[in-house]
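This report concerns only the one structure given below.
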Amino acid sequence: MKRSGAHATNRCYGTLALVLFAATLAAQTPATGAAFRFERPIVVAAGGPHRLAIDVPLLAGGNPFRVVSRSGAGADRAGRDVVATATGGLTDLRLFDASGNEVAYLLVPNPTVEPAWRAAIAILPVAPVETEKEKTSGFEADLGGLLMIDRFRIEGLSPPYLKRIRLEGSGDRARWTVLAGEGTVFDLPDSRLRQTELSFDAGSYRYLRVTWDDARSARVAQAPSVAAREISTASVRAPLTTPVAFERRPSEPGRSRFHMRLPGGRLPVAALALDVAGGHVLREVEVYEARLAGAEAVPALIGRGTLKRVEQGSLAAVALRVPIEAPIEPEIDLVVDDGDNPPLDVRAITAEFAELPWIYFEASEGSLAARYGNPSLRAPNYDLEAARPALRIERVTDATWGVPRTRTADENAVGAAPPLPTVGAPVDASTFRFVRDIPAGAAGLIAVRLDEAALAHSNGMPSRFGDVRVIDEDGRQIPYLVERSSEPLSIDVSLAKLSTRPGALGPSRGSETVYRASWPYAGLPSPRLVLSTSARVFRRPIHVVSEREPDRPHRDPWVETLGTAMWVHADQDTPAPALVMPLPSVDATQVLLIVEEGDNTPLPIGGARLLLPAYRMRLFRERGQSLRLAYGRTDLAPPSYDLALLAPRVFGVSAVDVPPGPEREGRAGGAAAIVSPRLFWGILIGAVLVLIGLIARLVRKPTG
């Protein structure tokens, strides 16, 4: 039965190879007849060469870039010593004029700007000011001539220091422009924090004026040396950034977890910058996303770093940036090791993109449109490529984007490639003990979380959830991919303090407090019991035991020890960390929690919860499709879906979380309830006895 079911599934999915081959042939389709998902107007003020900046909507809708990292010569001193560059993307982008004719374009990288630092030829002190409202000092630096600059560096100050400065620039020492109103420079060797440069919008300046804020720190005793970075143009684009939506998620004690949703999948993101509330910060962080490993999706580390902030009064030295690999998924997780600190208060997260190229095109005045969103298209090859060696992208006029829109099916000359099959071999839902409805909704990728009921009543991860199936209304399987989440599944545990000591515990060994802990289902996998208390100074042995009925080795009720721990806290000024006790899977919904109080007052237990491994299933749902989640069979092997073809459909796409409906027992469960194991064996033994009696009578019956 198992083997034939697996073969049926494989035969059903064997047709996917033909579909994949057809998709490869579709890649040869000319762009003029191709289907595009998105369209955006391009605003061109005048005819001639133009350039367009790649923005987030274009990245989210077009074919993805790959990110190449390299060491950056002369990189800044804020930790950005690796330059990430996006390349090879937007192969599906096409430009069209008002008549529908295709317009040639090129992807042109930023001009290479090697740092050329120009040291000041003269430094003149500025008279200090000291009043009730302000206390300042400073200097003016002469660069020797007008230079196009975008960065300022200061050297020669003896560490440690943390200074707030105001930076101004001028071409004639008569009219001054504020380049940095409240900049901060610092060099704190003990904290491994150093920032001696300030960046600003590029401009042409000869003189730089620095004003030190001496109200919060000592005056600078020596004249520093300064330099400015000269660039060839004022039009080099700043790195693209975008705010990231995030939410705090359940976690173990001592860790903060944040779930982030990027604007799309496969974005060329190079780093995350955090805005964190509070004072000093020193915490390790890691960033994860789901990636395919064998037959399931597991959390994969894509970045790690150390968040640092040192404050001196109102001044702060900050390094709150985490470099990451370019994620595949639109959903990623940030895990912060809080240590003994309160949970990290993250106010905002910003994604920083790798360095992106420009879109260069030549067009006459009039309306243009960009179309994109076709994964099958290869990069175009235009005659305009011959002009690349002579291009000076920094001197080209800017064009601007209009608002993107989703194109309708009628606007596409050629329909999209036929979808991959989304159903598998048939299976009878009535043969499963438990069945749950998956609500109907919009078409697309959904994620169905396996809650505590599914974890307890299915065969679980040891069998790779071998008995779990998603079934449509026609009784066909819907292929899915199991994903293990980095965050735990948290469920509440009720604690009831017992006034009478259970007999199974035997005589008391001293002053003890006994609680009965209850949770909804037996057989929960790999549970971790988390206890919290309001006490500050204590030392208590904690035991978790399970009550057992008499058996062959035990004439009386007895207890099985599941876990033991020593809970200790000795700092009156800080809250006690929660106790986390790993437990084995328990075939019961209640256990006893024993606190050895000694000669102390009872330890107040403020709350309890269980942390379980968390899983969800990714699958495609058709519009309005009624699905069922079924599990509770011991005769099934794990489903054999073609993950090599399924994975590209379920990775890099935003999934909608859909909770399953209430659990109900199917006909298989009802049958099991009607004929219990005890009744079954009773009937079987009775039938055997009757059969033996009949045989005995036949043997005693005289022959002939």
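The values are calculated or read from the model by the stated rules, or taken from the named source; none is laboratory data. The model shown is predicted, which means the values in this text are computed figures rather than measured ones. For neighbour counting, all protein chains shown are included, and Cβ atoms are generated from backbone atoms with ideal geometry for every residue, glycine included. SASA here: full protein model, heavy atoms, side chains in, ligands and nucleic acids out. Shrake-Rupley method; radii C 1.70, N 1.55, O 1.52, S 1.80 Å.
Annotations for the structure displayed:
- Cβ crowding within 10 Å averaged over residues, with 617-623, 551-557 ranked highest first: 617-623, 551-557
- Segment residue 69..residue 383, full-extension length gain: 110.0 nm, with 0.36 nm per residue of separation and the alpha-carbon distance subtracted.
- Three principal axis lengths of region 323-478 [C-alpha, angstrom, descending]: 70, 56, 27
- Here the average projected area of the convex hull drawn through the C-alpha atoms of region 539-647 stands at 14.5 nm².
- Sum of -39500 (n - 2.57) over DSSP H runs of 4+, divided by residues of the chain (222 nm, nearest 500): -3500 deg cm²/dmol
- For region 77-233, alpha-carbon Rg over 2.2 N^0.38 Å: 1.38
- Over all directions, the projected convex hull of the C-alpha atoms in region 181-261 averages 10.2 nm² in area.
- In order along region 605-611, the phi-based Karplus estimate (6.51 cos²θ - 1.76 cosθ + 1.60, θ = phi - 60°) of 3J(HN,Hα) comes to 9, x, x, 8, 8, 10, 9 Hz; Gly and Pro are listed as x.
- Estimated translational D of the chain in µm²/s (Stokes, Kirkwood radius over Cα pairs; 25 °C; 0.890 mPa s): 78
- Rounded accessible area per residue of region 124-259, 1.4 Å, Å²: 51
- Solvent-accessible area, 1.4 Å probe, carbon plus sulfur percent, for region 360-460: 52
- Amide H contacts of residue 489 (H built 1.01 Å from N, under 5 Å, at least 5 apart or other chain): 612, 614
- Accessible area per residue in Å² at 1.4 Å probe, computed on region 505-586: 55
- Computed from phi, the 3J(HN,Hα) profile of region 348-364 under the Karplus parametrisation 6.51, -1.76, 1.60 (θ = phi - 60°) reads 7, 10, 10, 8, 9, 8, 5, 5, 10, x, 8, 9, 9, 8, 10, 8, 7 Hz, with x in place of Gly and Pro.
- Heavy-atom surface analysis with a 1.4 Å probe gives region 77-191 a carbon and sulfur content of 48 percent of its accessible area.
- One way to sum up the overall shape of region 230-354 is the equivalent ellipsoid from its Cα gyration tensor, whose semi-axes run 25, 23, 11 Å, largest first.
- Of the trypsin sites (Lys or Arg not before Pro) in region 347-387, the ones in a loop by DSSP (not H, G, I, E or B) with at most 15 other beta carbons within 10 Å are 378.
- Summarising the amide proton neighbourhood of residue 54: residues at separation of 5 or more, or on other chains, whose placed amide H is nearer than 5 Å comprise 359.
- Once backbone amide H atoms are built at 1.01 Å from N, residue 432 has 668 as its partners under 5 Å, excluding neighbours fewer than 5 places away on the same chain.
- Of the peptides 265-274, 685-694, the ranking by mean beta-carbon count within 10 Å, highest at the top, reads 265-274, 685-694.
- With every protein chain in place, region 318-359: carbon and sulfur % of accessible area (1.4 Å): 48
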